[in-house]
Amino acid sequence: MTLTHEPSGSTAVTSPPVVRRRRALTPTRVLAGMVRVAVAVLIIGAALFPLAWMAIAGFKSKQEVVRTPFQFFPEVWRLENYRTILDDPAFVRTLAITGLGAVLFTLLSLTVNSFAAYAFARLDFHFKRALWVVVISTMFIPGMTILLTSFIVVTKLHMLDTLAVLILPGAAAAVHVFFIRQFYLNIPRSLEEAAMIDGCGKFEIFVKLFVPLSKPPFVVVGITSFLVFWNAYVWPVMTITSPDLYQVQQYLATFRSERSSELAMLMAGSTLAAAPVIVLFLIFQRQIIANIKMAGLK
Amino acid sequence: MSTTVTSPPRSADGTPLRAHPPRDDRIAFLMLAPVLILLSIFVIVPTIYAIYLSFFNWSFYQDSEFVGLRNFTNALTDPEFRAAIRRGVLFVLMTLPIQLLLSFLIASFVTGVGKRLGTALKISVYIPTIISAVITSITFALIYEYSGGLLNAVVGLVGIEDQAWIGDVRLALPAIAVPAIWMGLGLMTLIMIAAMLDVPESFYEAAELEGANWWQRTLYITIPQMKNVLLYLLITGFVAAIQQYELPLVMTGGGPLDSTTLPNLFIFNHFRGDTYQGYSIAAALLLFLVLGAISALIFRVLSSEKLVD
């Protein structure tokens, strides 16, 4: 990913400069304003339409969803599909187990990556540069290159069909270490010096000083981790066969191939599976958008 | 870094040697241990193992046989693998230029509107980025549905007959390019917006005094000022697009007639289908050599000015 933190005044990055003088409303200005609104509606529409279409399809009946002649809206908006799939214990379980896994994965990712970030940003130890190079190098290894051998490794470790096989492999991520470290490098050293005089150890300084200041990078790393876990498809398909541990994307893809006549219900299920990440994003959108910048560049 | 007598002695990692050893070894290694252990088991070991296996004809069930470089020569001379690479490049050409152009236009538009509308636009264009490839595939497959699908209804309005969008050899790849563009646009747009807002306002004020129009300001100020960002987006966009495989995996499985078998999907299908691995690992490594080198290079070039302290 391409996120890096802007140390201060990051809100300034998001807000476009508002230097506009009031001018008289001439017909050209009114027209320009209307064009602007039209373009905005077009962009927002193009971005959100597929998702709206997915949700609408969920309200259609089994026949309506692919009826010829084509039908845009359902004749009757029925909740049936949403209700039926939410009554299916397998679907509810897949949402619950994926959610649980995502929360554990996020917490683990925040913990291990911020530990490493703090060590690289503030501690003084042997082989620091060499280890930094090793950690950063892992960022450039494409997932496909190690997909099969990772599978062999987790098979030999008897991790197949456990929650651990979903959580452990991706938890440590060089991008996150890098991102949090950039933030820590910008924290003024004077803050720690005061704490050091009070006799605080290095770990205490991390817990008492750095963690409370870490909200901006933790929000970004946390949300990214949650999304990565929630949206994962190929790895769960390879490592999970027990229906008890089915992940939500895996469930949807399996539903699609096994119950192809239930398209409307699949769309309802997809809508429900997309809802949590959309809500999560909307809650934290300000911090996330403010932090999207090119890695390492200003 | 010379080793003359005058320069202070340095340890192997290049930091000056101190009278005492670094003070934080214990706590540092304790805090680094989780990341180092996890990366070792799940990234470094699999990488070394992949390099090792690429020299073997390896199977889950039988003894492996050392074959030297044969897997690599097989991959490089395999017409199917070459076709997959060409298809990957074609796919990049279908997606990346459109993404760069659209995100540039949207970003220019967003930076010119008021704050509220700007926020609404930014949130909207970013939402597709957080939607999974599976859900995106399911949704676009519904739009592409042959009978009763939205797209056929729309093209029907202008008199074009129904098409099997993802079932037709000529149409399937472009049909997959559309959701790929849709998913990738948000991140690019937001990066461009951030970069545009970093261009000093005074440049534009001066241009305005000279009477430059939007096109001139874009051509002579915005684009040159954003050249690093554009280069970054071009390279990362290329690396991301050529590695796309989840969309075709779910939508078409690579068909019809391999027309959507992008390089990574080619490798993935070999992982699943072959008894003897080694070939697919070699193919994956070849891809890694090229793409890993490209991304590492761009990371180094662009970060040399600013990051690593």
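Considering every residue in A:275-285, what mean count of other chain Cβ atoms within 10 Å of its Cβ is obtained?
Taking the mean over all residues of the peptide, I get 2.
Only helices enter this figure: runs of n ≥ 4 DSSP H residues, each worth -39500 (n - 2.57), summed and divided by the residues of chain A, yield -21500 deg cm²/dmol at 222 nm to the nearest 500.
Most tightly packed first, judged by the mean number of other beta-carbon atoms within 10 Å of their residues, the peptides A:139-152, B:186-199, A:30-43 read B:186-199, A:139-152, A:30-43.
Accessible area of residue A:29 (1.4 Å probe, protein heavy atoms only, ligands and nucleic acids ignored): about 110 Å². Among complete DSSP H helices in chain A, those whose alpha-carbon atoms stretch at least 27 Å along the helix's long axis and whose mean Kyte-Doolittle hydropathy reaches -0.5 are A:27-58, A:89-122, A:263-290. Taking 0.36 nm per residue of sequence separation and removing the Cα-Cα distance, the residue A:26/residue A:62 pair yields an extension gain of 7.7 nm. What percent does the relative contact order of chain A come to when contacts are Cα pairs within less than 8 Å and at least six residues apart? Reported as a whole number, the value is 38 percent. A cut-off of 5 Å between modelled amide H atoms, ignoring neighbours fewer than 5 places along the same chain, links residue B:78 with no other residue. Peptide B:112-125 has a mean shielding of 5, counted as Cβ atoms of other protein chains within 10 Å of each residue's Cβ.
Counting only residues at least eight positions apart within a chain, or on another chain, the aspartates and glutamates with an alpha carbon under 14 Å from that of residue A:60 are A:75, A:80, A:262.
Look at the alpha carbon pairs under 8 Å that are at least 6 residues apart: their mean separation over the length of chain B gives a relative contact order of 25 percent. With R₀ set to 22 Å, the beta-carbon distance separating residue B:297 from residue B:227 gives a calculated FRET efficiency near 0.85. Remark on residue B:56: its backbone amide H falls under 5 Å from those of B:67, a criterion applied only to residues 5 or more positions apart or on other chains, H modelled at 1.01 Å from N.
Two tests apply to each whole DSSP H helix in chain B, Cα reach of 27 Å or more along its axis and mean Kyte-Doolittle hydropathy of at least -1.0, and the ones passing both are B:79-112, B:172-197, B:279-303.
The values are calculated or read from the model by the stated rules, or taken from the named source; none is laboratory data. Please read these numbers as outputs of a predicted model, since none were measured by experiment. Note: ideal-geometry Cβ built from the backbone for every residue, glycine included; neighbour counts use all protein chains shown. Quick note on the areas: whole protein, heavy atoms, side chains included, nothing else; ligands and nucleic acids left out. Shrake-Rupley method; radii C 1.70, N 1.55, O 1.52, S 1.80 Å.
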